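First the structure, in the form of structure tokens, and then the observations on it.
Rule-based calculations on the coordinates, nothing more; no lab input. It should be emphasised that the depicted structure is a prediction, and the values quoted were computed from it without experimental measurement. Because the Cβ atoms are built from the backbone with ideal geometry, glycine has one as well, and the counts that use them run over all protein chains shown.
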Amino acid sequence: EEAGAANEAALARQTRRTKTEKVTRSGEDLHTETVVDDDEETRETVDGVSLFPHPFDGDKRPSHSARTLVASVLRSLFPLAIKETREWTASKRNAGARLLGTTLLYAREKAHFSPFLPSIIHALIDAVTDDDKDTAARVLVAARALGHYARDPERSWIPLLVDAVAGDATGTPTDVKRAASLVIAAAAIRATPPARLTASACRLLADALASPNVLNRFDEGKENTNSAVRTQCLSAAANLVAVAGRSGALFFRDGDESTASAEHSKAASASLFRVLLQTRAAESTLGESHVSSDTNDVVGATSGAMSGGQNPFPPSEQSASASAMANLANARGFQRVDDLYLAHANDALFTARVEADSVWDTPNPSQRAFCAFFLDAPISVFAYGTVADDCLAVFRSAGEQNRDPRLRAAMLQTMDAAFEEPPPGNDGVFLRENRGGALIGGVDTRAVTILESVVLESLVWRAGATAAAARYAAVVCLGTMLRRSLFFSAQTSGDASAKKLLVSQRALLAVLRKTHSGLLPGVFSAMEEDYYAETRKAACYALDGVLATAGCDLGDEKRRATYPEILKRMDDSRDDVRVAAARCARRFFLNACPVDWDETNCVYFLKPLAVHMDDPNELVRNAVLDAFLAAAEKKPAVVIEALTPTKETHRFREHVERALEAANAKLSDERRA
């Protein structure tokens with residue numbers, strides 16, 4: 001029977017008038033034909049996999065007479081199949097899905113001229129969510145048949161599915177219904193012959209996927225989030241990119257933008273880029289934690305206080321959306337994904353600037369798309385035109401004090417992620433370029449903008465847990481920005497060019513020396529945070545970076561204001577905070593204390609600090625000892641004065657003796673000199 005059917009099909013193909021035009025695009029033979037009847041089709045496989053199950057797979061096709069017979073009764077078959085897909089019993093729904101798919105495979109293009117086409121699409125959307133897996137699978141077969149046999153999809157199923165996917169002001173579907181619409185769209189797109197996907201059709205589909213009604217469902221911060229929408233939107237976008245890549249619908253050369261086709265291609269590419277950015281923003285990987293060679297403290301990824309927020313760290317390098325982004329670059333004719341980001345940089349940042357001023361009330365899909373671009377784009381993009389300044393303008397707008405603290409915290413986490421980096425190697429060389437450093441680009445005014453308009457705005461104390469979360473994000477970001485100064489103070493070798501600070505001393509001092517500067521007061525306030533103990537620890541780490549970067553140029557006035565705040569944290573209830581405060585004391589003497597500093601203030605600092613050399617926690621005692629060893633290099637006489645009385649009172653005298661030994665050795669060296 002199968003051989004007879006094949007012979008009948010071959011005879012029918014020989015007797016029909018068919019004109020086939022071969023078109024070569026992107027190195028692949030694509031076939032477009034003008035067919036009087038609808039038996040000859042383009043490929044019925046995608047990537048070597050048949051679109052349809054047995055007996056419609058491979059070269060097995062319904063005979064012409066069988067299709068003619070089915071076409072004559074479509075008016076009765078379609079209503080019956082649609083009705084059965086909505087029955088109460090699972091067996092009847094399965095039979096309805098089977099009948100609908102089989103009818104579409106026999107009807108082919110005639111289904112697209114049927115008045116039942118809207119009802120068919122709505123039935124597919126409703127049925128694809130069926131609990132029975134076989135029923136849902138048969139619905140997908142029907143959706144693929146719908147997409148595969150449409151001669152002009154732009155005038156048949158595309159407008160109907162665009163309405164179902166994007167929704168409208170009067171009847172926006174639920175998340176489940178929208179996700180189901182995306183499933184049907186993905187299946188229909190996958191089966192569409194490349195030659196029939198024009199640039200204008202590609203734009204219609206891409207704009208629907210990038211519509212606010214779809215992208216707003218990506219929002220991780222709302223209770224009504226449905227991750228299925230994001231997953232199925234990515235599937236539909238990936239299928240559209242794949243088919244458009246084979247058809248050339250997204251390809252255009254520079255200088256062709258004036259043509260209508262090129263305009264559609266460019267707009268479709270922009271919409272798909274936005275969709276993929278949204279999905280990239282939702283797949284962020286955990287930031288890495290690193291151990292400082294200078295402090296032996298774990299630094300890096302923000303933690304604890306912001307639990308439940310979206311992860312700000314760069315998207316994964318290996319994922320479905322990363323693969324789709326690479327395919328989109330290929331479809332545009334680019335050799336690298338970096339070129340795709342450069343091509344869309346201006347449009348993406350213009351949109352972000354406009355929406356940051358108008359619609360960014362809280363963390364939202366548009367904001368996350370910008371953050372994904374900022375963290376995922378090639379670092380070289382910041383040297384391109386006004387990209388760096390445009391990015392800073394977005395951060396400055398979103399970082400104002402009157403903006404929602406959740407938005408400010410999200411943007412600060414993103415900025416913090418940009419400055420994240422592993423510590424340098426043993427030779428003091430950083431192995432990769434820092435994204436935050438590339439953003440600053442050696443321009444001190446940009447560093448000042450970040451410190452004043454992004455970090456400092458959120459350091460100002462305000463009541464409430466969300467404001468406290470923003471303070472935590474701000475102080476963590478400040479510590480990350482200044483981290484290199486901690487590494488460099490411990491390094492004695494390595495290439496000098498690798499030791500450039502991300503935030504220069506000149507930029508930091510420009511902020512600190514401004515009249516009524518709030519940077520140090522903001523850090524001091526964070527060191528007394530009540531909401532999150534982690535904020536106090538992070539503030540100590542930030543102060544460590546401020547002291548290391550500013551050095552002795554900090555000034556006597558700010559030195560006098562700093563050491564009492566360090567002593568306050570030495571009385572903290574948490575051991576790890578006391579250790580961090582002791583490291584600030586060490587940094588104070590190591591980097592920010594000149595040899596001729598006022599001895600009275602030095603005594604006021606060291607005598608109360610000496611009490612903590614007898615702390616029950618060994619880590620605290622060791623950290624305080626390190627601070628006294630650093631002080632012994634600058635003020636040995638004061639160290640001796642502060643520690644001598646403790647020899648009789650402290651339980652752990654070995655720490656006192658080591659510090660006194662170092663101070664006496666320093667005095668001896670000075671006398672000999």
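Odds and ends about this structure:
- Were the residues from residue 619 through residue 672 laid out at 0.36 nm apart, the gain over their Cα-Cα distance would be 15.6 nm.
- Inter-label distance for residue 54 and residue 122, nm, one decimal - labels placed 7 Å from Cα along Cα-to-Cβ: 3.8
- Close amide H partners of residue 617, meaning residues 5 or more places away or on another chain with modelled amide H under 5 Å apart, do not exist here.
- Per-peptide average of other Cβ atoms within 10 Å, ordering 204-212, 549-557 highest first: 204-212, 549-557
- Length, then width, then depth: along the principal axes, the Cα atoms of region 334-484 run 48, 40, 25 Å.
- Computed E for residue 110/residue 259 - FRET, C-beta separation, R0 60 angstrom, nearest 0.05: 0.95
- Were the residues from residue 444 through residue 648 laid out at 0.36 nm apart, the gain over their Cα-Cα distance would be 68.3 nm.
- Around the amide H of residue 50, modelled in the peptide plane, lies no amide H under 5 Å away from a residue 5 or more places distant or on another chain.
- Under a model in which nothing but the beta-carbon of Lys, Arg (+1) and Asp, Glu (-1) is charged, region 77-205 shows a dipole of about 360 debye around its Cα centre.
- In terms of overall dimensions, region 612-673 has a Cα radius of gyration and Dmax of 11.5, 39 angstrom.
- With each label modelled as a point 7 angstrom along the Cα→C-beta vector, the residue 86-residue 231 pair spans 2.7 nm.
- For region 200-217, the residues whose backbone nitrogen is under 15 Å from a point 7 Å from the Cα of residue 358, taken along Cα to Cβ, are 212.
- Prolate/oblate/rounded call for region 537-614, Cα gyration tensor, a/c under 1.5 rounded: oblate
- Sorting the Cα pairs of region 102-197 by distance into bins of 10 Å, from 0 upward, gives 17, 53, 27, 3 percent per bin.
- Sorted peptide list for 71-80, 228-237, 615-624, criterion being average Cβ within 10 angstrom, highest first: 228-237, 615-624, 71-80
- Applying D = kT/(6 pi eta Rh) to region 72-151, where Rh is the Kirkwood radius over alpha-carbon pairs, T corresponds to 37 °C and eta to 0.692 mPa s, the Stokes-Einstein value obtained is 272 µm²/s.
- Once the Cα-Cα distance is subtracted from the 0.36 nm per residue extended length, the residue 607 to residue 155 segment shows a gain of 154.3 nm.
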